[in-house]
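Read the structure below first, then the notes.
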Amino acid sequence: MLLPPIGAATASDATRFAKRIRPLLLAALAIALPHAARAAAPGVPIIQCELNGKKITSDRPIPECVSKEQRELNKDGSEKRIIPPTPTADELAAKEEKDREAKLELAAKSDAVRRDRNLMQRFPDEAAHGKAREKVLGELRIAGKIYADRIAELMIERKKLDDEKEFYVNVRVNKPLPTQLKQKIDANDASIEAQRSLAQNNVAETDRINALYDTELARLRKLWGGAQPGSLGPLPGTQQASTPTKPVLTPAAVTARTPDAPAKTTVK
């Protein structure tokens, strides 16, 4: 072992010692630096799984074990994380269906909240709601009166046509009806039928409007009483969010990434 100069050593002695010790120091650094670099560099992953009673170890996810859990280990052998099994096509489809239903439910809830808020904004109290109902029903009553008046007019017209018709069909005359008269009778029948159909639709619409306002009023009374918007479910008669088209599922990949180098796998 080389020792530094001591005692009465001169400066030239120290210089010679430094020259002799420098190659040794450089050699020691050359040996130590690669080890330090390797210690600082991240280690390759250690992946393990059990397959047919044997333990398989690799430096990346193992394709043969995609259907089961794989363990990634630290350098000291402790568990770093669990790599879950790759889901099958059926499992992916089930998850997608569950996610789709959750989105539809959330959309329906958001729609109910929006509708309830709009309803309370339109009708701040029962008087406002009653006034709106009366306005719609008033228009329907006017339409119903128009239909009734028109039917009455057509019935008077029909009475005149029947009197004219009687002249030709009585026992003494017994002649075929003139074409023009027959056309007037047919047109009258068609008009009466059309007006009666409109009148019936008007009655049905009146019933529908009343039922709608009754439902709204019952809901509004709860909202006015403190119920939170959206907490009462969707409004009757409103449509749910449209069902999205299901995408075509493709088989899951065997591994999470494409290997860029041959895997280092061992079996024990």
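The values are calculated or read from the model by the stated rules, or taken from the named source; none is laboratory data. Just so it is clear, the model here is predicted, and its values are computed rather than measured. A quick note on method: Cβ atoms are made from the backbone with ideal geometry, for glycine too, and the neighbour counts reach across all protein chains shown. In case anyone asks, the SASA skips ligands and DNA or RNA and just uses the protein heavy atoms, side chains included. Shrake-Rupley method; radii C 1.70, N 1.55, O 1.52, S 1.80 Å.
Counting protein heavy atoms only, segment 46-125 has 52 percent of its accessible area on carbon and sulfur, 1.4 angstrom probe. The length gained by stretching the chain between Ala194 and Trp224 to full extension, at 0.36 nm per residue less their Cα-Cα distance, is 6.4 nm.
Each label was represented as a point 7 Å from its Cα along the Cα-to-Cβ direction; for Ala187 and Val136 these points are 3.8 nm apart. You can think of it this way: the chain between Thr215 and Phe167 has 11.6 nm of extra reach, that is 0.36 nm per residue less the Cα-Cα gap. Rolled with a 1.4 Å probe across the full set of protein chains, the surface gives Phe123 an accessible area near 10 Å². Taking each of Lys103/Lys135; Lys145/Lys222; Lys55/Lys98; Lys145/Lys184; Lys80/Lys109 in turn, the alpha-carbon distance tops 32 angstrom for Lys103/Lys135; Lys145/Lys222; Lys55/Lys98; Lys80/Lys109.
Averaged over its residues, segment 100-242 has an accessible area of 69 Å² per residue, based on protein heavy atoms and a 1.4 Å probe.
Segment 60-103 and segment 131-153 have Cα centres separated by 67 Å. Placing dummy labels 7 Å off each Cα toward the beta-carbon, the span from Arg81 to Arg208 is 5.7 nm. Highest mean packing comes first when the peptides 112-119, 76-83 are listed by Cβ atoms within 10 Å, giving 112-119, 76-83. Per-residue extension of 0.36 nm, minus the Cα-Cα distance of Gln180 and Ala152, leaves a gain of 7.8 nm for this segment.
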